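The values are calculated or read from the model by the stated rules, or taken from the named source; none is laboratory data. The shown structure was predicted, so the numbers you read here are calculated from the model rather than taken from an experiment. Neighbour counts are summed over all protein chains in view; Cβ atoms, including those assigned to glycine, are modelled from backbone coordinates with ideal geometry.
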Amino acid sequence: MIKEKLNEQLRNQFHISSFRPGQEEIINDILDGYDVLAVLPTGSGKSLCYQLPASLFKGATIVVSPLISLMEDQVRQLKATGFKAAVALNSFMNPREKKRVLQQLDQYKLIYLSPEILQHQDIIHRLKQMMIDLFVIDEAHCISQWGHEFRPDYLRLGNVIKQMNNPTVMALSATATKEVQNDIITSLNRPGIVSHIYPMDRENITLTVQKVNEDRQKQEMIIKLLKRYRVPTLIYFSSKRKTEEIAVILSNKLPSHRIAYYHGGMDQVDRISIQQQFMNDQIDVICCTSAFGMGINKQDIRLILHYHFPLQLESYLQEIGRAGRDGKSSVSLLLYAPGDEVLPKSMLANELPSVENINHLFRELYQLYLQNPQLPPAEEVHEMLELNEIQWRFLRYQMERHGIIKENRLVFQQERWEHAIRHIKAFIAERSVLKDRKLDEIIGWINNEQCLRDHLYKGFQSGYNTPLYACCSNCGFSFTSWQPEQTQASENVSSWEAKLKKLFFIGDQP
């Protein structure tokens with residue numbers, strides 16, 4: 001499209017004066033009908049790469065997004081700019097609202113959905129009646145990172161695209177190794193996709209690792225830091241229980257700070273509420289799991305703390321990338337104590353059924369088949385097979401893939417079952433080796449004594465930008481020299497904090 005027309009749309013529709021690096025090239029390829037895989041650093045405006053084309057296309061743009069809160073946030077932001085033809089279809093909708101939106105779906109230019117809701121036949125049926133010009137997978141690394149175990153519906157997106165009559169495809173991510181990029185391309189069956197891969201390092205974020213002897217020292221260090229720096233802060237945990245426990249401790253030790261916790265086990269309304277309060281500067285610190293932060297467009301997060309280290313460097317990069325989107329000096333601090341490896345190793349061990357247990361599981365499934373080929377509700381299957389929800393999702397997807405489950409019924413054919421057992425065992429072994437390797441990589445990075453920045457990015461790109469501020473703790477950074485702008489305590493902190501404590505049982509609540 002003519003450059004002047006794009007710039008006009010950029011100014012008039014989105015109130016932005018100029019493109020950021022990569023945006024214009026990606027948008028031009030999409031408008032020319034090319035499939036695009038784009039890897040851009042966090043805070044670089046990935047959403048505009050599909051929102052602007054969506055405003056120009058005659059038909060609709062589908063956006064697959066991993067989190068309901070992220071969808072709602074993006075729709076809200078679009079409507080604030082005057083882009084009213086956007087909607088998020090999700091399980092949070094009441095039936096009446098969902099029915100109304102489905103009836104009027106062809107009036108929307110941007111339709112946000114989760115990969116799970118795209119498995120609903122009423123949704124697919126409605127979308128097939130419409131003209132779909134662009135199919136976007138936002139946070140596309142989820143295909144590789146979550147699709148094989150936690151959310152297998154990501155692996156079904158290639159088939160959904162076919163049912164949509166193969167519109168142009170865009171896959172967007174902030175962190176994707178060559179390995180993950182290949183996984184995305186293979187899963188979507190888009191071998192001719194055009195790749196736009198930009199450096200993902202953030203030169204305004206200082207990287208620090210601090211080794212301590214025990215959890216108590218982690219808590220003391222966090223309290224000391226938060227007393228010194230009243231800045232928007234995220235503290236990441238691998239345990240839901242620990243997010244709540246530490247939120248209570250910090251709230252009691254730092255009565256002037258507004259502190260909340262956030263994890264996937266909370267009610268959806270509460271999670272959205274906490275996210276919006278943080279965005280509106282009504283909360284200073286959030287103790288959270290990886291469920292928080294994806295797509296959060298808050299410009300002034302200054303501190304990202306890791307109480308527990310994540311399972312892989314990709315996750316670490318995604319989480320620290322939420323800091324300093326305004327380009328100002330921000331710091332990531334990862335706290336490490338001996339024995340911290342136990343939790344991530346336990347999490348990995350429980351993600352998939354063990355190879356040794358597969359034969360037993362299939363014997364139980366055969367007994368289930370003899371009683372009634374129709375599968376009972378998922379909760380009953382979990383109990384009968386002694387599997388958690390993630391393990392059953394994985395196993396069900398694999399069985400559907402091998403033709404053992406069709407339309408919620410078990411189909412027995414001995415040779416097919418034997419073939420499936422062999423392949424599922426081999427796949428579990430392969431994934432276990434991969435995940436152990438990724439865990440070893442992040443443990444190796446934590447214990448590295450050379451430049452943390454150099455060691456972090458070498459698996460993702462050939463080099464990195466010169467840091468704008470201090471580089472890392474191994475290159476001499478000390479918090480004594482860091483002087484970010486502080487957040488001013490609001491006059492109604494006491495009343496707000498009382499409400500927050502009451503809502504989330506923080507502090508001295510019973």
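Selection of first residues in the range 87-111 that are over 16 Å from Met164 (Cα atoms) and of a type in the set (Phe, Trp, Tyr) and of second residues that are modelled with pLDDT under 90 and not in a loop (DSSP other than H, G, I, E, B), restricted to Cβ pairs under 6 Å at least 6 apart or on distinct chains, gives the following pairs, ordered by first then second residue: Phe92/Ile68; Phe92/Gln268. For the range 236-253, indicate whether the set of residues that are of a type outside the set (Asp, Glu), part of a strand (DSSP E or B) and not assigned by TED's automatic domain parsing to the domain that holds Phe92 is non-empty. For the range 236-253, residues of a type outside the set (Asp, Glu), part of a strand (DSSP E or B) and not assigned by TED's automatic domain parsing to the domain that holds Phe92: present. The residue that is farthest from the chain's Cα centre (by Cα), among those in the range 175-205 that are more than 26 Å from Ser329 (Cα to Cα) and of a type in the set (D, E, K, R), is Arg190. The sole residue among Arg453, Arg431 that is touching a strand residue (DSSP E or B) at 6+ places or on another chain (Cβ under 7 Å) and surrounded by 13 or more Cβ atoms within 10 Å (Cβ to Cβ) is Arg453.
Among the residues of the range 1-56, the ones that are basic (Lys, Arg) and outside any helix (DSSP H, G or I) come to 2 in all.
A residue that is over 30 Å from Gly22 (Cβ atoms) and touching a strand residue (DSSP E or B) at 6+ places or on another chain (Cβ under 6 Å) can be found somewhere in the range 227-239.
A residue that is of a type in the set (Gly, Ala, Ser) and at pLDDT 95 or above occurs somewhere in the range 455-470.
Checking each residue of the range 343-366 against the condition of being of a type in the set (D, E, K, R), closer than 30 Å to Gly476 by Cβ and not in a strand (DSSP E or B) gives no match.
Residues that are in contact with a Lys or Arg (Cβ under 9 Å, 6 or more places away or on another chain) and part of a strand (DSSP E or B) were ranked within the range 166-196; the one that is nearest to Leu317 (Cα to Cα) is Ser173. Each residue in the range 79-94 was checked for being closer than 28 Å to Gly147 by Cα and either touching an Asp or Glu at 6+ places or on another chain (Cβ under 6 Å) or not polar (S, T, N, Q) (or both), and 6 of them qualify.
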